[in-house]
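Just so you know, all these numbers are worked out from the coordinates, no wet-lab data involved. Values in this document were obtained by computation on a predicted structure and should not be read as measured data. No Cβ is skipped: glycine too gets one built from the backbone with ideal geometry, and neighbour counts run over all protein chains shown.
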Amino acid sequence: LLGMGMNIGLSKMAEATPGLTYKQLANVSQWRMYEDAMNKAQAILVNFHHKLQLSSYWGDGTTSSSDGMRMQLGVSSLHADANPHYGTGKGATIYRFTSDQFSSYYTKIIHTNSRDAIHVLDGLLHHETDLNIEEHYTDTAGYTDQIFGLTHLLGFNFAPRIRDLSDSKLFTIDKASEYPKLEAILRGQINTKVIKENYEDVLRLAHSIREGTVSASLIMGKLGSYSRQNSLATALREMGRIEKTIFILNYISDESLRRKIQRGLNKGESMNGLARAIFFGKQGELRERTIQHQLQRASALNIIINAISIWNTLHLTKAVEYQKRSDSLNEELLHHMSPLGWEHINLLGEYHFNSDKKVSLDSLRPLKLS
C-alpha cells in the first residue's frame with residue numbers, strides 16, 4: 001500500500017523495508033490488491049472514521065464534494081490526454097469524493113479532457129460505505145443540465161459552484177412575459193412537451209443507473225454527445241434546466257447555502273493537498289500504462305489518506321479529552337478543526353513492520369503537552 005500510495009514503487013519499497021523482498025510485495029500487489037478488495041478496505045476505514053465522535057463535529061456524513069486531481073503521466077498510455085491547462089505533457093485525472101467528515105469515500109481514474117460531471121453519479125451511487133450522502137457539491141466542471149435532472153430524480157440535492165453565474169441562463173415554464181419583474185434575466189422557456197413524451201423513458205433510465213444495470217458515466221457521456229434531435233437527451237436536459245433555475249435562485253438569495261458549498265469544496269481541495277504530499281515518488285507522475293494499474297495506485301493513495309485522517313482524528317480526540325479534563329475546552333472550535341494535517345508525518349526513510357507487535361487504540365503515543 002505504501003509503495004503504491006506514495007508512488008515510490010515496489011522495488012524502492014523493498015529496498016527501504018528490512019525483511020521484505022520485491023517478490024513478496026509483487027505477489028501481494030498482483031493477487032491481493034484487486035479492485036474489490038481495495039474498495040472494501042477503503043469502506044472499512046471510512047465507516048470506522050464515520051463512527052468516531054469527533055467526526056460528528058465536522059459533519060454528519062450526508063454531504064460531500066468531488067474534485068479532480070490532474071496527474072502527469074510519465075509513460076505512453078491509451079488513457080492519457082494532453083491538456084494545455086495542466087502543462088505540456090499528457091496526463092490523467094484522479095477523481096475523488098470527499099465527505100463532510102474529511103474521509104475520501106470513492107475514487108476513480110478518468111481522462112483529463114473528460115468533463116467531471118459525467119462521473120458524479122458513479123461515486124454517489126456506488127460507494128460501498130455507510131455514508132448516506134444527500135447533498136453533493138462540485139465546481140463548474142462538475143455540472144451539466146442533464147446532471148441536474150438525474151441527481152434530482154435519484155434523490156440527491158445537487159449544488160455546484162457555478163463560475164460566471166451572471167452568464168447562466170434561467171428558464172421558465174410559462175412565457176417570460178408572465179414574469180415582468182424577472183423578464184430581463186429569463187432567457188428561455190422549458191419544452192414541457194418533450195418532457196411529457198419521454199418521461200417514462202427518463203424514469204427507466206434513472207432506474208437502470210441506480211440499479212447499476214448501466215454505468216452512469218457511460219450513459220451521461222453518450223447523452224452529452226447526442227445531437228439536439230435525441231428526444232431522451234433533450235427531455236433530461238429540459239428537466240435539468242428546471243432544477244438548475246431553482247438552484248440558482250436559491251444560491252443567489254441564500255448566503256448560508258453559498259457558504260456551505262464553499263466549505264464542502266474546501267474540504268476536497270485540502271484532501272487533494274494531502275494527496276499530493278503523499279504521492280511524492282517519481283516526481284508525482286503516474287508511470288502505469290493501463291487504467292487498472294493507475295486505479296490501483298489511486299486506491300492505495302486513498303487508503304493512506306483515510307488512514308491518516310483516522311490517525312489524526314484519534315489523536316485529536318485525546319487532546320480534546322485532555323482539554324475537557326482541564327476545563328479549558330472551547331467546544332465551538334472543534335467544528336473548525338481538520339484531521340488532514342501531515343507536517344508531523346515522516347514519509348521518508350526506512351519502513352519497519354512488526355507483525356508480532358500488538359497495537360490497539362489504547363496504545364497510541366502519549367500527547368506532547370510541553
**Complete:** Length gained if GLN283 through ASN47 is fully extended, taking 0.36 nm per residue and subtracting the Cα-Cα distance, is 81.7 nm
**Request:** Please work out the FRET efficiency for the pair ASN157 and GLN229, using the Cβ-Cβ distance as r and a Förster radius of 45 Å; give the result to the nearest 0.05.
**Result:** 0.90
**q = 0.21, 0.29 Å⁻¹, the stretch 48-98: log10 I(q)/I(0) [Debye, one scatterer per Cα]** = -0.73, -1.11
**Prompt:** Taking the mean number of other Cβ atoms within 10 Å as a proxy for protection, how do you rank 354-364, 140-150, 180-190 from highest to lowest?
**Reply:** 140-150, 180-190, 354-364
**Item:** Whole-number percent relative contact order across the chain, with pairs defined as alpha carbons under 8 Å at least 6 apart
**Value:** 26
**Request:** Quickly rank 32-39, 231-238, 278-285 as a protection proxy: mean count of other C-beta atoms within 10 Å, highest first.
**Result:** 231-238, 278-285, 32-39
**Prompt:** Any idea what Rg and Dmax come out to for the stretch 142-299 if you just take the C-alpha atoms, in Å?
**Reply:** 19.4, 61
**Prompt:** So for the stretch 48-175, Kirkwood radius off the Cα pairs, Stokes-Einstein at 25 °C and 0.890 mPa s: how many µm² s⁻¹?
**Reply:** 151
**Message:** For the stretch 2-363, give me the percentage of DSSP beta bridges that are antiparallel, rounded to the nearest 5 percent.
**Reply:** 65
**Message:** Run the simple label-point estimate for GLN262 and LEU218 please: 7 Å along Cα→C-beta, distance reported in nm.
**Reply:** 4.1
**Complete:** At 4 °C and 1.567 mPa s, the Stokes-Einstein diffusion coefficient in µm²/s for the chain, with hydrodynamic radius from the Kirkwood sum on alpha carbon pairs, is 57
**Request:** Please provide three numbers in whole Å: the alpha-carbon extents of the stretch 269-370 along the principal axes, with the largest listed first.
**Result:** 56, 37, 22
**Message:** I'd like the FRET efficiency for ASP327 and GLU128, computed as 1/(1 + (r/R0)^6) with the beta carbon distance as r and R0 of 51 Å, rounded to 0.05.
**Reply:** 0.75
